[in-house]
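Input: a single structure, listed below in structure tokens.
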Amino acid sequence: MQNTIRQLAELVKGTILGDEDLVVHGARTLHDAQPGDITFVENEKNAPGLQHSQASAAIVPPKLPVNGKTLIQVADPLMAFAAVFRHLHGLRACQPIGIHARADVHSSVQIGANPSIHPYACIGEATVIGARCHIHCGAIVGKNCRLGDDVVLYPNVVLYDDVVLGDRVIIHANSTIGADGFGYRFQNGRHVKVPQLSNVIIGSDVEIGACATVDRGAFAPTRIGDGTKIDNLVQVAHNCQIGKHNILAAQTGVGGSSSTESYVTMGGQVGVTDHVHVGQGTMIGAKSGITHDTGPNARLFGIPARPLRDSSRVLASMEKLPQMRRDLLRILKYLGLKDEPPSEPAA
Amino acid sequence: MQNTIRQLAELVKGTILGDEDLVVHGARTLHDAQPGDITFVENEKNAPGLQHSQASAAIVPPKLPVNGKTLIQVADPLMAFAAVFRHLHGLRACQPIGIHARADVHSSVQIGANPSIHPYACIGEATVIGARCHIHCGAIVGKNCRLGDDVVLYPNVVLYDDVVLGDRVIIHANSTIGADGFGYRFQNGRHVKVPQLSNVIIGSDVEIGACATVDRGAFAPTRIGDGTKIDNLVQVAHNCQIGKHNILAAQTGVGGSSSTESYVTMGGQVGVTDHVHVGQGTMIGAKSGITHDTGPNARLFGIPARPLRDSSRVLASMEKLPQMRRDLLRILKYLGLKDEPPSEPAA
Amino acid sequence: MQNTIRQLAELVKGTILGDEDLVVHGARTLHDAQPGDITFVENEKNAPGLQHSQASAAIVPPKLPVNGKTLIQVADPLMAFAAVFRHLHGLRACQPIGIHARADVHSSVQIGANPSIHPYACIGEATVIGARCHIHCGAIVGKNCRLGDDVVLYPNVVLYDDVVLGDRVIIHANSTIGADGFGYRFQNGRHVKVPQLSNVIIGSDVEIGACATVDRGAFAPTRIGDGTKIDNLVQVAHNCQIGKHNILAAQTGVGGSSSTESYVTMGGQVGVTDHVHVGQGTMIGAKSGITHDTGPNARLFGIPARPLRDSSRVLASMEKLPQMRRDLLRILKYLGLKDEPPSEPAA
């Protein structure tokens, strides 16, 4: 597909600077763009990249210096570029397909307007599903679940019984919501399963990546707050209470009964032990291990995690450790002191 | 559903202290309970929480001091509470559904009494399945597998060919048992696949979480011992010999050909390198990296893991590192010694 | 099944030293072999194990000292043993099954010669599939995908729309290729999804383990180079450019827009932050965290990762930290200097 700059500027309601009859064939990033492509500059920081880009045209924010390329000025270049990208690549929103004959939907299920229930999806007894939901191929929804409007379950997602999802929840392929929490008691030389009888309640506008797991609570729900985004391969254990608008990056794990307030951010491969509370706005660096409650707006890093400033100082000192050790031995020798410790320290 | 304390005490064979005609409507934990709820106290340590709970009644162990609430005394309050919870919330055990017409079961498959084979499950040639197994929607069982009695495979579990499961094994959704081990040889600039021809043998009473992976052995089985419990997103590599009654918490990974004895416990996100042996009763702290064989009953922590006592001392000293460095520079200056190391140390 | 050494030597075109009429019943590793079994010795390093093995016969490389057992000499004992193992255990290559009536294949799909499309697999509109592909039970292939020849998708694998796979790609069960990248912008107190509109392009001879995730690019493809091998539970984020012949061991994660050159090796549970570049031939130790670009052929370890030699020195010094601290206090006391730091250091 190809379009003139005039057509694309109309699509995104932008202002043209340059040749409105210029024809573009593709939409690519600054680095990948070729002659004949349109690209975009998200903000002034990225503007220098436009000088070196081979793109013929660019979608830019207002007030960006002009450099000879044809420009379309818009308030939000990223979202405008996404619209142009979809248009030029012929991407369309999925149309509702109804309930496919090869889906297995229990007769008691209630489904809202314009559903898309794909082949080999299963929906269990007494489940209620909102309007315009997409339940993709092989996705399994248990009994007595409640899904809001505009929910998307990608292929092979599994919701166990009693899971509750708000509106506009997106769950990516092969994720599992509501499996039994990892709860055992040690009795007579065996680990005896503690029944996991509650459920999972997920707020609106939550997105969960692929191959992620959120376990059901033992006797009270595991909860994930509105607007929280969870990446691939993340584990949220039973009884967790994850706050609103959190970011949990890939392969992070949160232990049982732990909780977070709003606007918490965790980098990749973070671990949070069980029964800790993470305060509002706390940011946790990748690979850190959280072992204690944190106050609000903490910046933490390390295993175990310390305030980022302390961790950075310790890390800087660690680099000097071999030299410190040599200096110490030199001083001991200079002073004629013995290398051995005088005695075992108190524990 | 609502019940009198008398009815619930009969259900759990408990002794009533207080108002046997009291009516309760819900079962909630100490913290969540509202007036009209019954809660539970697992042991004396949790007893103070009962003072502050709004619950109207509680299931308690014998000899707990009475505080004015109506109590039901039982030997095992947790399991009694679970029974009451199920009863009040109308939870019932799954009834067998037989073999669903939309399941794909090879004609050579042998299946024991009272099966539940759900829609879109597949069971391959020559597989033998015990009595009372639940093979949930979309679960795939390969050829020539052997499943004991009372096995539960949750939706979209995949067993490759030749997998053997004992009795009462539970595998949660989207887990994969028996995929090829990660074995290659480097030849002529390419990684050439080493055939992974053996299988996985899992003992009785093993539970495996969601999105976990246990790889088949190359030429001898990967084994998991009786009673071992494996959490979500855990990786057990090819040829591993995991002992009995182990606990592997979420996102832990055990490398190829490693082995554990009985009663080993690993916290979350632990890594065990390949070809190591972990002794009986060893406990490994979260996020640790095991790089060497361990004796029995070790307590280990860190990357690489050291005895917990040593790791704790090192961690405590690390906190002091920036100050140690300042002190050292101060001493060097005081003594008129140069800051630079005299020479490169022997490696 | 049983065979004479003569029959097995013919199978692998080997040279017999010893009793060509010897009958063997099983194929097992050096350690597991019993009398009546044939085993193998991969190279001279493993030769001592043959002395202690109970095997009756062995497949060995040329020039290995003879020890009294019947031997079959071949150039590549591992692959010869694999062939004998398959033969004695009756393992056969999967025969093509055609397109199963219970698979859901869109009428527009093009499929090459001798396909195997198993029950409950789904293949979306406009997808093109090469010759001799195996799409196992419950595997879901989106719209507009392109699969080369001899591709194997194990059960419940999910390919989102537009995914491209080369020839001989193998993807193990429950893995997800092409889910949306984890991209949001923070606006007005909410994380707003950035459209993820591009795809994933995977080269030939790539193998991906179980429950692994490779996200689609935002506006340009995520790419994985020819011959790269990816283990279970690995995360490759959006826009990554993974080079050729890489090895990514289990539970490793590579952050968004990061890239690797050829022959990079990552141990288990490695984390690579976003937007870094890893040079050719770099080897990264298990559990390391890569935070900066690396040159070619680097050997790295630690969080954050340092050159292996430096990391080893720092680790060795850390062991001495408690003693260093005691020595330092002893010196301060000896010199009559105060323990407290004189002032806060410049940041």
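The values are calculated or read from the model by the stated rules, or taken from the named source; none is laboratory data. No experiment lies behind these values; they were computed from the predicted model shown. Cβ sites come from the backbone with ideal geometry, for glycine too, and all protein chains shown count toward neighbours.
Can you go through B:Asp231, B:Asp205 and tell me which one is of a type in the set (Asp, Glu), buried (at least 24 other Cβ atoms within 10 Å of the Cβ) and within 14 Å of chain A (Cβ to nearest Cβ)? If you could, list the steps in order and put the result at the bottom.
Values: B:Asp205 fails: buried (at least 24 other Cβ atoms within 10 Å of the Cβ).
From the options B:Asp231, B:Asp205, the qualifying one is B:Asp231.
Mind checking whether some residue in the stretch B:297-319 is within 9 Å of chain C (Cβ to nearest Cβ), part of a helix (DSSP H, G or I) and out of contact with any Pro (no Cβ under 9 Å at 6 or more places or on another chain)?
yes
Only residues that are of a type in the set (A, V, I, L, M, F, W, C) and either assigned by TED's automatic domain parsing to the domain that holds A:Ile201 or within 13 Å of A:Ile171 (Cβ to Cβ) (or both): list them for the stretch A:122-157, please.
A:Cys133, A:Ile135, A:Ala139, A:Ile140, A:Val141, A:Cys145, A:Leu147, A:Val151, A:Val152, A:Leu153, A:Val157 - these are the residues of the stretch A:122-157 that are of a type in the set (A, V, I, L, M, F, W, C) and either assigned by TED's automatic domain parsing to the domain that holds A:Ile201 or within 13 Å of A:Ile171 (Cβ to Cβ) (or both).
Based on what the data block shows, is A:Pro62 free of Cβ contacts under 8 Å to residues at least 12 places away in the same chain and away from chain C (no Cβ under 14 Å)? Working first, answer last.
On the way: free of Cβ contacts under 8 Å to residues at least 12 places away in the same chain: no; away from chain C (no Cβ under 14 Å): yes.
No.
Does A:Gly14 qualify as being more than 11 Å from chain C (Cβ to nearest Cβ), of a type in the set (Gly, Ala, Ser) and in contact with a helix residue (DSSP H, G or I) (Cβ under 8 Å, 6 or more places away or on another chain)? Please lay out each step first, then the result.
Numbers: more than 11 Å from chain C (Cβ to nearest Cβ): yes; of a type in the set (Gly, Ala, Ser): yes; in contact with a helix residue (DSSP H, G or I) (Cβ under 8 Å, 6 or more places away or on another chain): yes.
For A:Gly14, the condition - more than 11 Å from chain C (Cβ to nearest Cβ), of a type in the set (Gly, Ala, Ser) and in contact with a helix residue (DSSP H, G or I) (Cβ under 8 Å, 6 or more places away or on another chain) - is met.
For the stretch A:80-105, which positions are surrounded by 11 or more Cβ atoms within 10 Å (Cβ to Cβ) and in contact (Cβ under 8 Å) with a residue 24 or more places away in the chain? Steps first, please.
Taking the stretch A:80-105 and keeping what is surrounded by 11 or more Cβ atoms within 10 Å (Cβ to Cβ), we get A:80-89, A:91, A:94, A:96-100, A:102-105.
The answer is A:Ala80, A:Phe81, A:Ala83, A:Val84, A:Phe85, A:His87, A:Leu88, A:His89, A:Cys94, A:Pro96, A:Ala103.
Hey, any hits in the stretch C:219-226 for a residue that's facing chain B (nearest Cβ under 10 Å) and in a loop (DSSP other than H, G, I, E, B)? I'd like the intermediate steps shown before the answer.
Quick first cut of the stretch C:219-226, residues facing chain B (nearest Cβ under 10 Å) only: C:226.
Subset that is in a loop (DSSP other than H, G, I, E, B): C:226.
Taking every residue of the stretch C:219-226 in turn, at least one turns out to be facing chain B (nearest Cβ under 10 Å) and in a loop (DSSP other than H, G, I, E, B).
Just one of A:Ala101, A:Ala93 is part of a loop (DSSP other than H, G, I, E, B), of a type outside the set (Val, Ile, Thr) and modelled with pLDDT of 95 or more; which is it?
Only one candidate qualifies: A:Ala101.
Can you name the number of the only condition in (1) within 14 Å of chain C (Cβ to nearest Cβ); (2) in contact (Cβ under 8 Å) with a residue 60 or more places away in the chain that A:Phe182 fails?
Exception for A:Phe182: condition (1).
For residues that are more than 10 Å from chain B (Cβ to nearest Cβ), closer than 18 Å to A:Ile201 by Cβ and assigned to a loop (DSSP other than H, G, I, E, B), tally how many sit in the stretch A:118-143.
Number of matching residues: 4.
Given the criterion away from every other protein chain (no Cβ under 14 Å) and touching a helix residue (DSSP H, G or I) at 6+ places or on another chain (Cβ under 8 Å), identify the matching residue among B:Thr70, B:Thr39.
On the way: B:Thr39 fails: away from every other protein chain (no Cβ under 14 Å).
Result: B:Thr70 is the single residue among B:Thr70, B:Thr39 that is away from every other protein chain (no Cβ under 14 Å) and touching a helix residue (DSSP H, G or I) at 6+ places or on another chain (Cβ under 8 Å).
For C:Arg168, indicate whether it is assigned by TED's automatic domain parsing to the domain that holds C:Gln110, among the basic types (Lys, Arg) and assigned to a loop (DSSP other than H, G, I, E, B). If you could, list the steps in order and put the result at the bottom.
Numbers: assigned by TED's automatic domain parsing to the domain that holds C:Gln110: yes; among the basic types (Lys, Arg): yes; assigned to a loop (DSSP other than H, G, I, E, B): yes.
Spelling it out, C:Arg168 is indeed assigned by TED's automatic domain parsing to the domain that holds C:Gln110, among the basic types (Lys, Arg) and assigned to a loop (DSSP other than H, G, I, E, B).
Checking A:Glu20 against (1) assigned to a loop (DSSP other than H, G, I, E, B); (2) surrounded by fewer than 19 Cβ atoms within 10 Å (Cβ to Cβ); (3) within 14 Å of chain C (Cβ to nearest Cβ), which single condition isn't satisfied?
Of (1) assigned to a loop (DSSP other than H, G, I, E, B); (2) surrounded by fewer than 19 Cβ atoms within 10 Å (Cβ to Cβ); (3) within 14 Å of chain C (Cβ to nearest Cβ), only one is false for A:Glu20: (3).
Residue by residue, here is whether (1) farther than 30 Å from C:Gly142 by Cα; (2) touching a Lys or Arg at 6+ places or on another chain (Cβ under 8 Å); (3) more than 14 Å from chain C (Cβ to nearest Cβ); (4) not polar (S, T, N, Q) holds:
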| residue | (1), (2), (3), (4) |
| --- | --- |
| A:Asn3 | no, no, yes, no |
| A:Leu30 | no, no, no, yes |
| A:Leu50 | yes, yes, yes, yes |
| A:His89 | no, no, no, yes |
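Just wondering, is there one or more residues in the stretch C:216-225 that are over 27 Å from A:Ile284 (Cα atoms), under 14 Å from the mean Cα position of the chain (by Cα) and in contact (Cβ under 8 Å) with a residue 12 or more places away in the chain?
Within the stretch C:216-225, one or more residues are over 27 Å from A:Ile284 (Cα atoms), under 14 Å from the mean Cα position of the chain (by Cα) and in contact (Cβ under 8 Å) with a residue 12 or more places away in the chain.
For (1) assigned by TED's automatic domain parsing to the domain that holds B:Val163; (2) more than 22 Å from C:Ala82 (Cα to Cα); (3) among the hydrophobic types (A, V, I, L, M, F, W, C), each residue gets a yes or a no:
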{"position": "B:Gly181", "(1), (2), (3)": "yes, no, no"}
{"position": "B:Arg185", "(1), (2), (3)": "yes, no, no"}
{"position": "B:His191", "(1), (2), (3)": "yes, no, no"}
{"position": "B:Asn199", "(1), (2), (3)": "yes, no, no"}
{"position": "B:Ser204", "(1), (2), (3)": "yes, yes, no"}
{"position": "B:Asp215", "(1), (2), (3)": "yes, no, no"}
{"position": "B:Ile224", "(1), (2), (3)": "yes, yes, yes"}
{"position": "B:Ile230", "(1), (2), (3)": "yes, yes, yes"}
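With the condition kept exactly as written, say whether any residue in the stretch B:321-334 is assigned to a loop (DSSP other than H, G, I, E, B) and more than 10 Å from chain C (Cβ to nearest Cβ).
Pass one, the stretch B:321-334, residues assigned to a loop (DSSP other than H, G, I, E, B): none.
No.
Quick check: anything in the stretch C:237-244 over 16 Å from A:Ser175 (Cα atoms), at the interface with another protein chain (Cβ under 8 Å from one of its Cβ atoms), among the small types (Gly, Ala, Ser) and crowded, with 24+ Cβ neighbours inside 10 Å?
Within the stretch C:237-244 (the criterion being over 16 Å from A:Ser175 (Cα atoms), at the interface with another protein chain (Cβ under 8 Å from one of its Cβ atoms), among the small types (Gly, Ala, Ser) and crowded, with 24+ Cβ neighbours inside 10 Å), the answer is yes, since at least one residue qualifies.
Criterion first (under 24 Å from B:Ala250 (Cα atoms) and of a type in the set (Lys, Arg)) does B:Arg168 satisfy it?
Values: under 24 Å from B:Ala250 (Cα atoms): yes; of a type in the set (Lys, Arg): yes.
So B:Arg168 fits the description; yes.
Here is a list: A:Ser288, A:Ser312, A:Ser317. Which entry is in the same structural domain as A:Thr222 (by TED's automatic domain parsing), among the hydroxyl-bearing types (Ser, Thr, Tyr) and closer than 21 Å to B:Glu319 by Cα? I'd like the intermediate steps shown before the answer.
Numbers: A:Ser312 fails: in the same structural domain as A:Thr222 (by TED's automatic domain parsing); A:Ser317 fails: in the same structural domain as A:Thr222 (by TED's automatic domain parsing).
Step by step, each of A:Ser288, A:Ser312, A:Ser317 is checked, and only A:Ser288 is in the same structural domain as A:Thr222 (by TED's automatic domain parsing), among the hydroxyl-bearing types (Ser, Thr, Tyr) and closer than 21 Å to B:Glu319 by Cα.
Could you check, for the stretch B:28-38, whether at least one of its residues is of a type in the set (S, T, N, Q) and part of a helix (DSSP H, G or I)? Explain how you work it out, then say what you get.
Keep residues of the stretch B:28-38 that are of a type in the set (S, T, N, Q), which gives B:29, B:34.
Now restrict to residues that are part of a helix (DSSP H, G or I): none.
Within the stretch B:28-38, none of the residues are of a type in the set (S, T, N, Q) and part of a helix (DSSP H, G or I).
Only residues that are within 12 Å of chain B (Cβ to nearest Cβ) and at positive phi: list them for the stretch A:155-179, please.
A:Asn156, A:Asp162, A:Asn174, A:Gly178
Can you find a residue that is touching a residue at least 12 places away in the same chain (Cβ under 8 Å), assigned to a loop (DSSP other than H, G, I, E, B), more than 7 Å from every other protein chain (Cβ to nearest Cβ) and crowded, with 24+ Cβ neighbours inside 10 Å anywhere in the stretch A:186-196?
Looking for residues that are touching a residue at least 12 places away in the same chain (Cβ under 8 Å), assigned to a loop (DSSP other than H, G, I, E, B), more than 7 Å from every other protein chain (Cβ to nearest Cβ) and crowded, with 24+ Cβ neighbours inside 10 Å, one finds none in the stretch A:186-196, hence no.
A:Arg185: on the phi < 0 side of the Ramachandran plot and in contact with a helix residue (DSSP H, G or I) (Cβ under 9 Å, 6 or more places away or on another chain), yes or no?
Working: on the phi < 0 side of the Ramachandran plot: yes; in contact with a helix residue (DSSP H, G or I) (Cβ under 9 Å, 6 or more places away or on another chain): yes.
Spelling it out, A:Arg185 is indeed on the phi < 0 side of the Ramachandran plot and in contact with a helix residue (DSSP H, G or I) (Cβ under 9 Å, 6 or more places away or on another chain).
Quick one: which residue in C:Glu42, C:Glu10 is in the same structural domain as C:Leu71 (by TED's automatic domain parsing) and outside any helix (DSSP H, G or I)?
Answer to the selection: C:Glu42.
Looking only at the stretch C:258-266, decide whether some residue is surrounded by fewer than 20 Cβ atoms within 10 Å (Cβ to Cβ), within 12 Å of chain B (Cβ to nearest Cβ) and either more than 14 Å from the chain's Cα centre (by Cα) or modelled with pLDDT under 95 (or both).
Yes - at least one qualifying residue is present in the stretch C:258-266.
Looking at the stretch B:277-296 only, could you name the residues that are away from chain C (no Cβ under 12 Å), in a loop (DSSP other than H, G, I, E, B) and of a type in the set (Val, Ile, Thr)?
Kept after step one, since they are away from chain C (no Cβ under 12 Å), are these residues of the stretch B:277-296: B:277-286, B:292-296.
If we keep only those that are in a loop (DSSP other than H, G, I, E, B) too, we end up with B:279-282, B:285-286, B:292-293, B:295-296.
Correct list: B:Thr282 only.
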